[in-house]
Amino acid sequence: MNKAFAPLLVSALILAFAAHAEDKPDAGAPVATGKDYVMLKVNGEDIKKSEVDDAWKEAGKYIFQGRDVPSLDSMGEPVKDKFLREMASERALYKEAQKEGIENSPDVQAEFEKLKRQAVIQELLKDKTKDAVTDDKLKASYDEHIKTAVAANGGRDEVHARHILVKTKEAADAIEKDLKAGKSFEKIAKEKSEDKATGAQGGDLGWFNPEKMVPEFTAGLMKLKKGEISAPVKTDFGWHIIQMEDSRSLPAPPFSDVKGALKQEVGNKAIGEYVNTVMKSVKITKLDPSGHETDIPSVVPEKKESAPAAKDDKDGSSD
């Protein structure tokens, strides 16, 4: 389908679903034979079923947002007829525009050139990166993601922890001293924690992915073994005393469930690498209104993250 007219058919699809949201698939729909045939005639112009199906799939991407687009054959007659009418109107409007000579106007020609450029670039990128999304490479990416996730949290996908939050280091030090003296973590949390929601539950945070917390909290938490209590940990929220209740590993999502997302991720990475390869030999010059020229980098250097310095301070935090 010509993407220049995509909004018309997308609107048709939205309207069709809005008007017939309760329609069930047509049980009497003809069984697809796989053979192409003329499905629509517009003032004598033939439109084949393959063209209709392509237009439906393209428009359906906007409605179903990555989910499988059901076949047009499976839809009720009102939805099908609405869509076919809009396809017919697209053809009729195009004929009218041709009669008026609009397709030869400078604005339309400029739009044609832009669409042509985009289509050519898309085809180039597809061709240059097609070998990057094989099943073997996607599986390798999947295995690497699992390995990285396990390494990041010490094999613990979820933890069960409690915390006590106070405003000052002095208050945290006093609580640490009380806990070492044998006072109840839960009782202190109920009495003194600034986090009233969890404080009422004895500081219980329930089960959660440690990577969802702020980095300082996660760093302090992941040092702990089951039953251990941390030294005061500072975050933007204040000072925390953390208790590790338990941890557990969750099964990784099946490859089939994440294959689509991996395909997009690996494909985008391959596109980025190819673009950088091309751009390394490109010279880019920026001009200001006076004509002064300045060269700018054609490829943005990747930032290399340095490993955080090890800390020996007793409280495991910084002021």
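The values are calculated or read from the model by the stated rules, or taken from the named source; none is laboratory data. Owing to the predicted nature of the structure, the values given are computational and were not obtained by experimental measurement. Every residue, glycine as well, gets a Cβ built from its backbone with ideal geometry; the counts of neighbours run over all protein chains shown. Note: areas computed on protein heavy atoms with side chains; ligands, DNA, RNA excluded. Shrake-Rupley method; radii C 1.70, N 1.55, O 1.52, S 1.80 Å.
Determine ³J(HN,Hα), in whole Hz, for all residues of the stretch 216-227 in sequence, where each value follows from phi through the Karplus function 6.51 cos²θ - 1.76 cosθ + 1.60 and θ = phi - 60°; x replaces Gly and Pro.
Rounded to whole hertz, the list is 5, 5, 4, 4, x, 5, 6, 7, 8, 9, 3, x.
Keeping all protein chains in place, calculate the accessible area per residue for the stretch 181-281 (probe 1.4 angstrom), answer in Å².
61 Å²
Evaluate the distance, in nm, between pseudo-label points positioned 7 Å from the Cα of residue 108 and of residue 186 along their respective Cα→Cβ axes.
7.7 nm
With an 8 Å cut-off on Cα pairs and a minimum separation of 6 or more residues, tell me the relative contact order of the stretch 183-280 in percent. Before the final figure, lay out the partial values.
On the way: 75 pairs, mean separation 13.4, N = 98.
The value is 14 percent.
Shape of the stretch 226-272 from its Cα gyration tensor (a ≥ b ≥ c, root eigenvalues): rounded if a/c is under 1.5, otherwise prolate when a/b > b/c, or oblate? Display every interim value, and only then the final one.
Working: a/c = 5.65, a/b = 2.04, b/c = 2.77.
It comes out oblate by the Cα gyration axes.
For the cross-link pairs 139/225; 114/137; 177/225; 147/180; 49/128; 61/139, which exceed 30 Å when the distance is taken from alpha carbon to alpha carbon?
139/225; 114/137; 147/180; 49/128
According to a simple spin-label model (label point 7 Å from Cα along Cα-to-Cβ), what is the distance in nm between residue 287 and residue 99?
Between residue 99 and residue 287, the simple spin-label model gives 4.6 nm.
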